Amino acid sequence: MKTGQWLMAGAIATILLAPGCKPKGAQSALSGDAASKVYVAPGQYDEFYNIVSGGFNGQISVVGLPSGRVLKIVPVFSVHPENGWGFSEESKPMLNTSHGFIPWDDLHHIAISTTNAEHDGRWAFANANNTPRIAKIDLTTFKTTEIIEIPNSGGNHSSPFITENTEYIVAGTRFSLPTGDNVDVPIATYKENFKGTISFISVDQEHGNMDIAFQLDAPPFNFDLARAGKKKSHGWFFFSTYNTEMAHTLLEVNASQKDKDFIMAVNWKKAEEYIKAGKGKKIKSPYVHNVWDEDTHTAISTVREDILSLDPRELKDIVYFIPCPKSPHGTDTDPTGEYIIGSGKLAAIIPVFSFTKMLKAIEDKNFEGNIDGMPVLNYEAVLHGEVLKPGLGPLHTEFDGKGNAYTSMFVSSEIVKWNIETLEVLDRVPTFYSVGHLMIPGGPTGKPHGKYMVAYNKITKDRYLPTGPELAHSAQLFDISGDKMQLLLDFPTIGEPHYAEAFPAALIKDKQVKFYKMEKNNHPRALKGINDARVERDGNKVHVYMTSIRSNFRPDNIEGVRVGDEVYFHVTNLEQDWDVPHGFAIKGANTAELLIMPGETATLKWVPDRVGIFPFYCTDFCSALHQEMQGYLRVSPKGSNNPITFSTGVAE
Ligand code: K7E
Ligand code: CUA
């Protein structure tokens, strides 16, 4: 029988490797009806903000729905030359980690802050997979304002997921790892020496500051995704796991042996009780925490030394396992908090679990086994029911708030709509092609806006004009207000979107920061007016205190700089008006430009490598005289005695 299982696993692996099989019955969106539903007339605003992960580009894109128009790219974990993110002296510390400066990461998931399980539009959170981190983006400035590193984690994929009042952000590790003092171990000792960890990051409700409240040890499974309980299941968290075989080689086959893996249910209120009672161990785990200060326009990076670790093998009643077929990817909780859906990539059905039944099974000790003493609940006892013949390769499920669930099917390239109570399949539509995540505005919250659904597709051969070997990924917008889903629009995306969230524009549209107030600018090298402009030498460092305002830089001509000096341009944009950034770039700089917002100060470091005259200029077309916004810097040989001089526009 073992042979049969191997064959089975092999066959499925082959299907997974050959996606993009075209679904039949391609739907046409060419009717005038569909076009009018996505038409946002010139001068009109979109109805929803869609915050979309960029995957391997480490950024977030902000898209308007229903038009699909890209409004902004927000750099998060990746440097962004366009606005100097990770290049300006002020923003560099944001990308610090315990491994040093890391200018890239792989960003998969978005979590929008919630209050009472509804989007509140304060912050967006995002995960870095590769060098585990969580970022917070302020939704009044669309700027990344905090990044916290997650120690004892590898492949931070099960992250960030959020509790109903944004009490915690969780981050579960995909790769289990050896942790603590004993990390130089043979990989073959995986089962003995490796473990999973789940980090609970607390969020200060006033400023949003993040802190690792505690880290929960877990068996060496792979943790894939998660959702918090909400409403009746508030206080619980649900994590999908795969590789419960605990394989460490050729996972494609070896992690697909068992018919069921688990959803790990975590009672985090119980964990809090243990912490209050003084349980848990401080474990040395250095990690870096970076915070953007809006008053000094500067990031501060600090190193933390340890985390509080809880071992649920000793601290009972925190962790329970729900058997779930087979290699579940997404786990999602419905808007009422009663139902927990596991999407087994290799399963032929979609299991729907009942929170009420789960509590009863725990109370009745209806267990079918245990893992290191942590109970495995009886599958049948927790099951609400199974969705039969849903399609192939279920990944993720969202909700419309009207009792329906929508599941993305990677292998059969479709979205399947089904009723959460009756488990009946109600509708299915093809996607083009290989859909990963799907998204309904408010879909993961207690209050979905069941009007649109977006499918984020991979491998979109033939949807757009081709662009060489790599083609644009694709989002497809559907109208889900009626019984049948209707395709309205295709639009290409930035990077590779995985998850996204959307919320009504009215939530944040009128709260946008228009400019930073000069009187609040506490940057130590800020200038409050053009008369303060100057250049100062301090050893081999030259500090240029510069202002920019339409349409000049002061100072504009600088002399006395020598080869090998470190030149720091501290540029303050004195504008106090919306949408008037100024740029700054100088020839030969080995970094990027600065793009300085009104009222902000930013610093570019430049080390001239040769003698000559170097022009600098404003890169943002800020006025009719933008092309006049320029200056020169003269570099003399090392050891020359030219004094520092500068001109500020006063006639000489
Ligand atoms: Cu399904 Cu990384 Cu959430 Cu991609 S993950 S699709
Ligand atoms: Cu300032 Cu162009």
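The modelled label-to-label distance for the pair Trp104/Ile644, using points 7 Å beyond Cα in the direction of Cβ, is 3.8 nm.
The mean sequence separation of alpha-carbon pairs under 8 Å and at least six residues apart, normalised by the residue count of the range 222-319, gives a relative contact order of 21 percent. Of the accessible area of the range 200-281, computed with a 1.4 Å probe over protein heavy atoms only, carbon and sulfur atoms account for 50 percent. Here the Karplus curve 6.51 cos²θ - 1.76 cosθ + 1.60, taken at θ = phi - 60°, turns the phi angles of the range 272-287 into couplings of 4, 4, 4, 5, 4, 7, x, 7, x, 10, 6, 10, 5, 8, x, 8 Hz, with x standing for Gly and Pro. Listed by chain and number, the aspartates and glutamates whose C-alpha is less than 12 Å from the C-alpha of Lys282, apart from same-chain residues fewer than 8 away, are Glu305, Asp306, Asp311.
A crude spin-label estimate for the pair Glu363 and Ala188, with each label 7 Å from Cα along the Cβ direction, gives 5.0 nm. You can think of it this way: the chain between Asn370 and Glu206 has 54.9 nm of extra reach, that is 0.36 nm per residue less the Cα-Cα gap. You can think of it this way: the chain between Glu273 and Asn116 has 54.3 nm of extra reach, that is 0.36 nm per residue less the Cα-Cα gap. Could you tell me the distance between the Cα centroids of the range 78-105 and the range 370-396, to the nearest Å? Comparing the Cα centres of the range 78-105 and the range 370-396, I get a distance of 42 Å. Taking Lys and Arg as +1 and Asp and Glu as -1, the other residues whose beta-carbon sits under 12 Å from that of Lys357 total -3. Peptides 496-504, 617-625, 223-231, 387-395 ordered by packing proxy, namely the average of other Cβ atoms within 10 Å per residue, highest first: 223-231, 496-504, 387-395, 617-625. Short-range pairs are left out: with C-alpha atoms under 8 Å and at least six residues apart, the relative contact order of the range 37-511 is 13 percent. Please compare each pair in Lys509/Lys587; Lys136/Lys191; Lys417/Lys458 to a cut-off of 30 Å on the Cα-Cα distance and tell me which ones are over it. Table pairs above 30 Å Cα-Cα are Lys509/Lys587; Lys136/Lys191. Residues in the range 397-438 average 24 Å² of solvent-accessible surface per residue, probe 1.4 Å, ligands and nucleic acids excluded.
Solvent-accessible surface of the range 456-516, averaged per residue with a 1.4 angstrom probe and all protein chains in place: 46 square angstrom.
In this entry, the range 518-647 is assigned a mean projected area of 7.3 nm², taken as a quarter of its C-alpha convex hull surface. Here the accessible area is traced with a 1.4 Å probe on the protein chains. For the range 518-647, carbon and sulfur cover 48 percent of it. The alpha-carbon of Lys260 sits under 17 angstrom from the alpha-carbons of these aspartates and glutamates, leaving out residues fewer than 8 places away in its chain: Asp224, Glu245, Glu252, Glu368, Glu380, Glu386. You can think of it this way: the chain between Asp538 and Glu470 has 19.5 nm of extra reach, that is 0.36 nm per residue less the Cα-Cα gap. As a calculated quantity, the FRET efficiency between Asp579 and Lys528 at R0 = 22 Å, using C-beta atoms, amounts to about 0.50. Coupling constants for the range 119-134 follow from the phi torsions by the Karplus curve (6.51 cos²θ - 1.76 cosθ + 1.60, θ = phi - 60°), and in residue order they are 4, 10, x, 7, 9, 10, 10, 8, 9, 9, 6, 6, 10, x, 8, 10 Hz; glycine and proline get x. Seen from all sides and averaged, what is the projected area of the convex hull of the Cα atoms in the chain, in nm²? Its Cα hull, projected and averaged over all orientations, spans 32.3 nm². Across the range 518-647, the relative contact order, built from alpha-carbon pairs under 8 Å that are at least six residues apart, equals 29 percent. The share of Cα pairs per 10 Å bin across the range 424-563, counted from zero up to the longest distance, runs 9, 24, 17, 12, 18, 15, 4, 1 percent.
Calculated accessible area for the range 70-128 comes out at 32 Å² per residue, all protein chains present (probe 1.4 Å; ligands, DNA, RNA ignored). Within the range 518-647, antiparallel bridges make up roughly 70 percent of the DSSP beta bridges whose residues both belong there. Would you please classify the overall shape of the range 338-379 from the alpha carbon gyration tensor, given that a ≥ b ≥ c denote the square roots of the eigenvalues, rounded means a/c under 1.5, and beyond that prolate means a/b larger than b/c while oblate covers the rest? Here the range 338-379 falls in the oblate category.
Both radii were evaluated on the Cα set of the range 178-279; the Rg over Rh quotient, with Rh as the Kirkwood radius, amounts to 1.03. For Lys357, the lysines whose Cα falls under 17 Å of its own Cα, not counting residues fewer than eight places away in the same chain, are Lys230, Lys231, Lys232, Lys365.
The values are calculated or read from the model by the stated rules, or taken from the named source; none is laboratory data. What you see is a predicted model; the values in this text were computed from it and never measured. No Cβ is skipped: glycine too gets one built from the backbone with ideal geometry, and neighbour counts run over all protein chains shown. Note: accessible area is taken over every heavy atom of the protein model, side chains too, but ligands, DNA and RNA are not part of it. Shrake-Rupley method; radii C 1.70, N 1.55, O 1.52, S 1.80 Å.
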